[in-house]
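Read through the structure below, which is laid out as structure tokens, and then see the notes.
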Amino acid sequence: MKLSGGDMLMRALREEGVKFIFGYPGGAALHIYDAIFRQKKIEHILVRHEQGATHAADGYARATGKPGVVFVTSGPGATNAITGLATAFMDSIPLIVVSGQVASHLIGTDSFQETDMIGVSRPIVKHSYIVQRTEDIPSIINEAFHIATTGRPGPVVIDIPKDITAPENKFEYKKPSKVNLRSYQPKVHPHPGQIKKAAKAILSSERPVIYAGGGAIMGNASTQLKALNKILNVPVTNTLMGLGVYPATDKHFMGMLGMHGTYQANMAMHNADLILAIGARFDDRITNTPSKFAPDARIIHIDVDPASISKIINADIPIVGQVKESLNALIKEIKRSKIKIDSEAISKWNDQIKEWRRLHGLDHEMYLKKSKSKLIMPQEVVQQVYKITKGDAYVTSDVGQHQMFAAQYYHFDKPRRWINSGGLGTMGFGLPSAMGVKLAFPNKEVVCITGEGSIQMCIQELSTCLQYGLPVKIININNQALGMVRQWQDMNYSGRHAASTYEESLPDFVKLTEAYGHKAFKVTQRNKLGPTLEKAFALKDKLVFVDVYVDQSEHVYPMLVSPNGSMKDMWLSRGKKT
Amino acid sequence: MKRVLAMLVENKPGALARVVGLFHQRGYNIESLNVAPVHDGSYSRLTVATRGTESAVEQIMKQINKLIDIIKVADLTEGDHHELELALIKISKVVDLTSMKKIIKPLNGKILKNDSTTCVISVTGTSIDINNLLRNLKKNKVIEIVRSGSLGLHESNKTLTI
């Protein structure tokens, strides 16, 4: 049967198992949208801004592991998708963004709503296509999904000129054969010699640390990581992107590391004699000053992307391969090895970490019990949400202090539960990504922990939530200021709060949410926090916005001292350094 | 230190832009760039001359390799290789042709045209050879220069092919 380009596109997406498309129509995309109308298998979610579409598809991808799909039109539709593309690119999230383009004969003439989408998006995509022949659509879609989901995943843009999808131009739909690209053969299996070296180094270490990041989640290696540490019993830390890949409530888990990592995790990294890095990339929010990073440690680095290895910190034993396959091989090798880990040394090391945790670990509950303050502490909000949702919710966040508090105090035991923009740090990510998660898992609790700054960057998506019935819970940690900016201004600019407050201009979030057709509560008193949150979460089928006014002066601690600090140099609280 | 990188790139729309863009995005400089289709024309061979420390060049190569359209990449300066550049130079009219021929002979120089106002010569050699020649030509008025940028090929059995 002959199909138009638009119908081919929809059929190819169906064959890839796509269930949702997040998008926004426009002139150059109208043939494609007409093809959506002619089919019933894939549901299109109409967002209120293209940025929302990309973040929603991104949230869907992070929670499910399947690529998220976005449709936008040319020009402003395409450029509005750029922030979401960059967000997905930095965190290696598989996205397929189909952008309408002006008709082929108009390209290059500065025609209405024309933008060179391929050019604009080039630095922030894994790959991109401009479709030149309608017949190529099935194979391009097939290739795009292959590229987006294999190796180090990432977003792929497919730009389609309007004439390519015209309903009158029909072609035979040729089912594409298996993708085989001579220029793209990502490595799956690790080199056995490197695995042997790694096993030997681990088993002869006395102060090892497992440092696992987002790559371990994207590589679905949580089970393998737990199995590895069943044998080793060594301390584990996760990056912001890796939270949940190792259970936070396990006794070996030290919490997050890095800029706002726990005291014990950062101290363990600095004093380790061996660091096993798994799908983590030693970025500047982790290492602090690279030349002062973990002076005594040998580094084993497992990553599917060879360019991540020895980029910032030189790896003594590099292992290129999928995390899952690499860990399986490592476990096998460790079991087979005649060398046995020095359990006495490891036990001493674990005791040392226990001691660090006792000295300065995150223990806000103790502090809160002692505190007589009537103001709500932001950490307390996250702790209450954790308690009420029994630690089993999908939590999305935006960017800033609330994000760090959520990462520190919501203890994730499962991978893909913590959905945040780690690499790019995109404000506005929280609400739309929560929509994507809720569509994927309608029966699960989905919470967006946000701040009054971030939420206003994509608040229009409250309307989308009403249209598609997406009862997410929005917890707005409202400190009436751009908290993280303010914190840096307090610490580095003598408290000069340039453009980080709103004076009296904040909206009444309760009224605003109600105007969008949802339920909302405002909390200002400590004793009302728990009961209000309980009430909000009890409204199962409603989107509820809880606006929590918190202590404006609170900072996020610990915080690495920079510039020129090492990982052991931390601010532990206001004015108190290690 | 100067490095000469060779790469095979799929002949697809935008492939060259990806390579060039990558150098800029990651803060590396391109000293010279040469590109043309080879063999069956389905792919092109690029030669890029750049400067950087060993670790910087290793990182450039890894990042280039990540581009989907890149088939292969090699650092020719790592081992024995041939490096050659073609230059066409337009100078003011040459009176003493014999001595000019002598100057350009080591660079396989040819006088393509010598008329009443200008003289066009072609030379091939390493980039350093050509730089030196241009210095020697200072007394003749150099009007216009075009250079191909470095071209490189492994010596002996080592190859960069599909």
Any residue at all in the stretch A:395-412 that's outside any helix (DSSP H, G or I), hydrophobic (A, V, I, L, M, F, W, C), surrounded by 23 or more Cβ atoms within 10 Å (Cβ to Cβ) and more than 20 Å from the chain's Cα centre (by Cα)? no
Filter the stretch B:61-86 for residues that are under 26 Å from A:Gly154 (Cα atoms) and either modelled with pLDDT under 95 or under 17 Å from the mean Cα position of the chain (by Cα) (or both); the one that is farthest from the other protein chains (Cβ to nearest Cβ) is B:Ala74
Sort through A:Lys348, A:Lys372, A:Lys311 and tell me the only one that's on the phi < 0 side of the Ramachandran plot, of a type in the set (D, E, K, R) and within 14 Å of chain B (Cβ to nearest Cβ). A:Lys311
Please go through the stretch A:205-244 and give me each residue that is aliphatic (A, V, I, L, M), under 17 Å from A:Ile317 (Cβ atoms) and part of a loop (DSSP other than H, G, I, E, B), ordered by number. A:Val234
Among the strands (runs of 3 or more DSSP E) contained in the stretch B:25-89, which hold 3 or more residues that are more than 25 Å from B:Ser156 (Cα to Cα) and in the same structural domain as B:Ile128 (by TED's automatic domain parsing)? none
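A quick yes/no check of all residues on (1) in contact with a Gly (Cβ under 8 Å, 6 or more places away or on another chain); (2) acidic (Asp, Glu); (3) outside the structural domain of A:Gln132 (by TED's automatic domain parsing); (4) closer than 21 Å to A:Gly151 by Cβ:
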position	(1), (2), (3), (4)
A:Ala53	yes, no, no, no
A:Ala56	yes, no, no, no
A:Ala61	yes, no, no, yes
A:Asn80	no, no, no, no
A:Thr83	yes, no, no, no
A:Phe89	yes, no, no, yes
A:Ala103	no, no, no, no
A:Leu106	no, no, no, no
A:Ser111	no, no, no, no
In the stretch A:107-120, how many residues are facing chain B (nearest Cβ under 10 Å) and either crowded, with 21+ Cβ neighbours inside 10 Å or basic (Lys, Arg) (or both)? 1
B:Val123 more than 14 Å from chain A (Cβ to nearest Cβ), of a type outside the set (Gly, Ala, Ser), surrounded by 12 or more Cβ atoms within 10 Å (Cβ to Cβ) and under 30 Å from B:Asp40 (Cα atoms): yes
Yes/no for A:Pro153 being buried (at least 18 other Cβ atoms within 10 Å of the Cβ), within 30 Å of A:Ala407 (Cα to Cα) and touching a Leu at 6+ places or on another chain (Cβ under 7 Å): no
Can you spot a residue in the stretch A:56-76 that is in contact with an Asp or Glu (Cβ under 7 Å, 6 or more places away or on another chain), surrounded by 24 or more Cβ atoms within 10 Å (Cβ to Cβ) and farther than 19 Å from A:Ala440 by Cα? yes
Test A:Thr109 against the criterion of being more than 23 Å from A:Ile141 (Cβ to Cβ) and free of Cβ contacts under 8 Å to residues at least 40 places away in the same chain, and give yes or no. yes
If you check every pair at least six apart or on different chains, which have Cβ atoms under 8 Å apart with a residue in the stretch B:16-37 that is within 11 Å of chain A (Cβ to nearest Cβ) first and a residue that is aromatic (Phe, Trp, Tyr) and part of a helix (DSSP H, G or I) second? none
Being hydrophobic (A, V, I, L, M, F, W, C) and under 25 Å from A:Gly119 (Cβ atoms) is the filter here; which residues of the stretch A:145-177 pass it? A:Phe145, A:Ile147, A:Ala148, A:Val156, A:Val157, A:Ile158, A:Ile160, A:Ile164, A:Ala166
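Every residue, every condition in (1) touching a strand residue (DSSP E or B) at 6+ places or on another chain (Cβ under 9 Å); (2) facing chain B (nearest Cβ under 9 Å); (3) assigned to a loop (DSSP other than H, G, I, E, B), yes or no:
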| site | (1), (2), (3) |
| --- | --- |
| A:Arg122 | yes, yes, no |
| A:Tyr129 | yes, yes, no |
| A:Ser139 | no, no, no |
| A:Phe145 | yes, no, no |
| A:Ala148 | yes, no, no |
| A:Gly151 | yes, yes, yes |
| A:Ile160 | yes, no, no |
Considering every residue within the stretch A:85-103, establish whether at least one is β-branched (Val, Ile, Thr) and within 14 Å of another protein chain (Cβ to nearest Cβ). no
The number of residues in the stretch A:37-71 that are farther than 23 Å from A:Ile419 by Cα and among the aliphatic types (A, V, I, L, M) is 1
Quick check on my filter: what residues within the stretch B:90-132 are among the hydroxyl-bearing types (Ser, Thr, Tyr) and in a helix (DSSP H, G or I)? B:Thr98, B:Ser99, B:Ser127
Given the criteria free of Cβ contacts under 8 Å to residues at least 12 places away in the same chain and either more than 19 Å from the chain's Cα centre (by Cα) or away from every other protein chain (no Cβ under 14 Å) (or both), does B:Lys2 qualify? no
Need a quick list: helices (runs of 4 or more DSSP H) entirely within the stretch A:10-92 having at least 3 residues that are among the acidic types (Asp, Glu). none
Check the stretch B:85-96 and report whether any residue there is within 25 Å of B:Lys2 (Cα to Cα) and among the acidic types (Asp, Glu). yes
Which one is farthest from the other protein chains (Cβ to nearest Cβ) among residues in the stretch B:43-60 that are of a type in the set (Gly, Ala, Ser) and over 28 Å from B:Leu134 (Cβ atoms)? B:Ser44
Restricting attention to the stretch B:126-158, which residues are out of contact with any strand residue (DSSP E or B) (no Cβ under 9 Å at 6 or more places or on another chain) and either free of Cβ contacts under 8 Å to residues at least 40 places away in the same chain or within 14 Å of chain A (Cβ to nearest Cβ) (or both)? B:Ile128, B:Asn131, B:Arg135, B:Asn136, B:Lys138, B:Lys139, B:Asn157
Scan of the stretch A:96-106 for residues that are outside any strand (DSSP E or B) and buried (at least 21 other Cβ atoms within 10 Å of the Cβ), ordered by number: A:Val102
In the stretch A:314-339, what residues are part of a loop (DSSP other than H, G, I, E, B) and under 23 Å from the mean Cα position of the chain (by Cα)? A:Gly321, A:Gln322
I'm trying to understand the selection: among the residues of the stretch A:177-204, which are part of a loop (DSSP other than H, G, I, E, B), within 14 Å of another protein chain (Cβ to nearest Cβ) and either of a type in the set (S, T, N, Q) or free of Cβ contacts under 8 Å to residues at least 40 places away in the same chain (or both)? A:Val179, A:Asn180, A:Arg182, A:Ser183, A:Gln185
Please tell me if B:Val38 is surrounded by fewer than 17 Cβ atoms within 10 Å (Cβ to Cβ) and modelled with pLDDT of 95 or more. yes
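The values are calculated or read from the model by the stated rules, or taken from the named source; none is laboratory data. In this text the structure is predicted, and so the values were computed from the model without any measurement. Note that we place each Cβ from the backbone using ideal geometry, even for glycine, and neighbour counts take in every protein chain shown.
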